[in-house]
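The values are calculated or read from the model by the stated rules, or taken from the named source; none is laboratory data. Everything numeric here is computed off the predicted structure, so don't read it as measured data. Positions of Cβ are generated from backbone atoms using ideal geometry, with glycine treated the same way; all protein chains shown enter the neighbour counts.
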Amino acid sequence: MGTITDGADVHSALIEVAEKHHIHTATFELLGGLREVEFRAFDFDSQQRKTPLRFERALEIVAGHGTIALLDDKPHVHLHLAVAYQDPASPNGIVVLAGHCAKAAAFGIEFTLTVYDGNPVRRAKHEGTGLMLWDLPKL
């Protein structure tokens, strides 16, 4: 369990925790607030990343979860977020944004981390999707 504050980059902060504690495979949940977020979608047909969408404002994390696995023998954070902010012009007075988080700057975040023992999970390019997915043994 821990906190991320003061504008720290969320991905970098989680990687720092993983490196400090020799964590190779984990899941995490987080909640709190952000100063900014960048979402980046993947076009399934072209197998290319779409142009990022960046939001700089106070954002409340509605749901945040992700994984830590090895990519090129270094911890890699894969994070998905749903965030919200109040907007009187919105039909219900609130706007919710969600997706694959490419970058986020913390205001104040609390996180829980679940670490898995055993062989580390590694990411590798999956030929069918073009994504860097878990490279797990065939069952």
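For residue 58, indicate whether it is of a type in the set (A, V, I, L, M) and either over 16 Å from the mean Cα position of the chain (by Cα) or part of a loop (DSSP other than H, G, I, E, B) (or both). Spelling it out, residue 58 is indeed of a type in the set (A, V, I, L, M) and either over 16 Å from the mean Cα position of the chain (by Cα) or part of a loop (DSSP other than H, G, I, E, B) (or both).
Of the residues making up region 67-108, just one is acidic (Asp, Glu) and either in contact with a His (Cβ under 7 Å, 6 or more places away or on another chain) or more than 19 Å from residue 19 (Cα to Cα) (or both), namely 87.
Among the residues in region 50-67, are any surrounded by 14 or more Cβ atoms within 10 Å (Cβ to Cβ) and closer than 23 Å to residue 128 by Cα? Checked against the condition, which is being surrounded by 14 or more Cβ atoms within 10 Å (Cβ to Cβ) and closer than 23 Å to residue 128 by Cα, region 50-67 yields at least one hit.
Scanning region 81-139 for residues that are over 26 Å from residue 55 (Cβ atoms), in contact with a strand residue (DSSP E or B) (Cβ under 9 Å, 6 or more places away or on another chain) and in contact (Cβ under 8 Å) with a residue 60 or more places away in the chain yields 114, 115, 116, 120, 121, 129, 130, 134.
Residues 63, 84: which one is in a strand (DSSP E or B), farther than 16 Å from residue 12 by Cα and out of contact with any Asp or Glu (no Cβ under 7 Å at 6 or more places or on another chain)?
On the way: 84 fails: out of contact with any Asp or Glu (no Cβ under 7 Å at 6 or more places or on another chain).
Within the list 63, 84, the selection yields 63.
Taking the options 69, 18, 13, name whichever one is assigned to a strand (DSSP E or B) and modelled with pLDDT of 95 or more. I'd like the intermediate steps shown before the answer.
Working: 18 fails: assigned to a strand (DSSP E or B); 13 fails: assigned to a strand (DSSP E or B).
Being assigned to a strand (DSSP E or B) and modelled with pLDDT of 95 or more holds for just one of 69, 18, 13, which is 69.
Looking at this structure, is residue 99 outside any loop (DSSP other than H, G, I, E, B) and either more than 18 Å from residue 8 (Cβ to Cβ) or among the hydroxyl-bearing types (Ser, Thr, Tyr) (or both)? Step through it out loud before you land on a result.
Values: outside any loop (DSSP other than H, G, I, E, B): yes; either more than 18 Å from residue 8 (Cβ to Cβ) or among the hydroxyl-bearing types (Ser, Thr, Tyr) (or both): yes.
Yes, satisfied.
When region 22-47 is filtered for residues that are over 14 Å from the mean Cα position of the chain (by Cα) and without any contact (Cβ under 8 Å) to a residue 60 or more places away in the chain, the ones remaining, listed by number, are 22, 43, 45, 46.
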